[in-house]
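Worksheet for the structure shown next.
The values are calculated or read from the model by the stated rules, or taken from the named source; none is laboratory data. Please read these numbers as outputs of a predicted model, since none were measured by experiment. No Cβ is skipped: glycine too gets one built from the backbone with ideal geometry, and neighbour counts run over all protein chains shown. We work out accessible area using only protein heavy atoms, side chains counted, and drop any ligands, DNA or RNA first. Shrake-Rupley method; radii C 1.70, N 1.55, O 1.52, S 1.80 Å.
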Amino acid sequence: TQLLEQSPQFLSIQEGENLTVYCNSSSVFSSLQWYRQEPGEGPVLLVTVVTGGEVKKLKRLTFQFGDARKDSSLHITAAQPGDTGLYLCAGGIGGNKLVFGAGTILRVKS
Amino acid sequence: NAGVTQTPKFQVLKTGQSMTLQCAQDMNHNSMYWYRQDPGMGLRLIYYSASEGTTDKGEVPNGYNVSRLNKREFSLRLESAAPSQTSVYFCASSVIQDSEAFFGQGTRLTVV
């Protein structure tokens, strides 16, 4: 059982559609991070959310941290083929451990 | 800018062989991590090092050992490789626990 549960595991949508990816836990995190990974590469940080209830926007991507700091979501508006990739949430817990969810594979078809 | 450098990029081992994966970072980061990535499992933490001279187990430490040689270098050793250790291995570093983690390009390991 993973500490961070992500859903859905896989998402295939058409260009222009909106989507939301969820990251949930029963544990409280001081912060949560979202990464994007492309094939053959390591993950790259998109955003860090720190405050409960915080909303951050990065162009067409909107990130939200739950009020209780146990969950987060990533919403993409008008998805583009360039958004295709693996999206991972991560959180620091218990003495310098950075743990990741299983990830959501997003495929955007043109 | 080198960032996090992992070697080798690819490796094939026979069951029972040993090997060491090397990782070095040039960003003066305190924390370093080793992860393995398997399909549908995301990144699972093998070992981490909060600072030079300290190492701790992560989620899946069995079959692995690590050495934090100095602030820059953090190696991962497989003493007796098993097919279950076939995976892609990533090294990462960060200033502190909750700060951005920077990843190497990964080592694709196959154990036959």
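Would you point out which residue out of A:VAL47, A:VAL99, A:VAL108 is crowded, with 22+ Cβ neighbours inside 10 Å, β-branched (Val, Ile, Thr) and within 30 Å of B:SER87 (Cα to Cα)?
Of the residues listed, the single one that is crowded, with 22+ Cβ neighbours inside 10 Å, β-branched (Val, Ile, Thr) and within 30 Å of B:SER87 (Cα to Cα) is A:VAL99.
Please find, among B:TYR47, B:TYR64, the residue that is under 14 Å from the mean Cα position of the chain (by Cα), surrounded by fewer than 21 Cβ atoms within 10 Å (Cβ to Cβ) and more than 9 Å from every other protein chain (Cβ to nearest Cβ).
One residue alone meets the criteria, B:TYR64.
Every residue in region A:54-110 that is free of Cβ contacts under 8 Å to residues at least 24 places away in the same chain, over 21 Å from B:GLN37 (Cα atoms) and among the polar types (S, T, N, Q), please.
The answer is A:THR62, A:GLN64.
Among (1) more than 13 Å from every other protein chain (Cβ to nearest Cβ); (2) in contact with a Leu (Cβ under 6 Å, 6 or more places away or on another chain), where does A:GLU15 come up short?
All conditions pass for A:GLU15, except number (2).
Being open to solvent by less than 20 Å² (accessible area, probe 1.4 Å), modelled with pLDDT of 95 or more and within 8 Å of chain A (Cβ to nearest Cβ), is that true of even one residue in region B:72-79?
Within region B:72-79, not a single residue is open to solvent by less than 20 Å² (accessible area, probe 1.4 Å), modelled with pLDDT of 95 or more and within 8 Å of chain A (Cβ to nearest Cβ).
Within region B:35-47, work out how many residues are at pLDDT 90 or above, in contact with a Leu (Cβ under 8 Å, 6 or more places away or on another chain) and closer than 16 Å to A:GLY42 by Cβ.
Total meeting the criteria: 6.
Listed residues B:MET19, B:MET32; which is more than 8 Å from every other protein chain (Cβ to nearest Cβ), in contact (Cβ under 8 Å) with a residue 60 or more places away in the chain and within 26 Å of A:VAL47 (Cα to Cα)?
None of the other options fit; the residue is B:MET32.
(1) surrounded by fewer than 19 Cβ atoms within 10 Å (Cβ to Cβ); (2) over 26 Å from B:LYS9 (Cβ atoms); (3) without any contact (Cβ under 8 Å) to a residue 24 or more places away in the chain: which one isn't true of A:SER31, the others all being true?
In the conditions (1) surrounded by fewer than 19 Cβ atoms within 10 Å (Cβ to Cβ); (2) over 26 Å from B:LYS9 (Cβ atoms); (3) without any contact (Cβ under 8 Å) to a residue 24 or more places away in the chain, A:SER31 misses (3) alone.
When you scan region A:34-44, do you find a residue that is of a type outside the set (Phe, Trp, Tyr) and more than 20 Å from B:VAL88 (Cα to Cα), even just one?
No: zero hits.
Of the conditions (1) crowded, with 17+ Cβ neighbours inside 10 Å; (2) at pLDDT 95 or above, A:GLY42 fails just one. Which one is it?
Against the list (1) crowded, with 17+ Cβ neighbours inside 10 Å; (2) at pLDDT 95 or above, A:GLY42 comes up short only on (2).
Out of the residues in region A:63-84 that are open to solvent by less than 50 Å² (accessible area, probe 1.4 Å) and hydroxyl-bearing (Ser, Thr, Tyr), which is nearest to A:LYS109 (Cα to Cα)?
Filtering first and then ranking leaves A:SER73.
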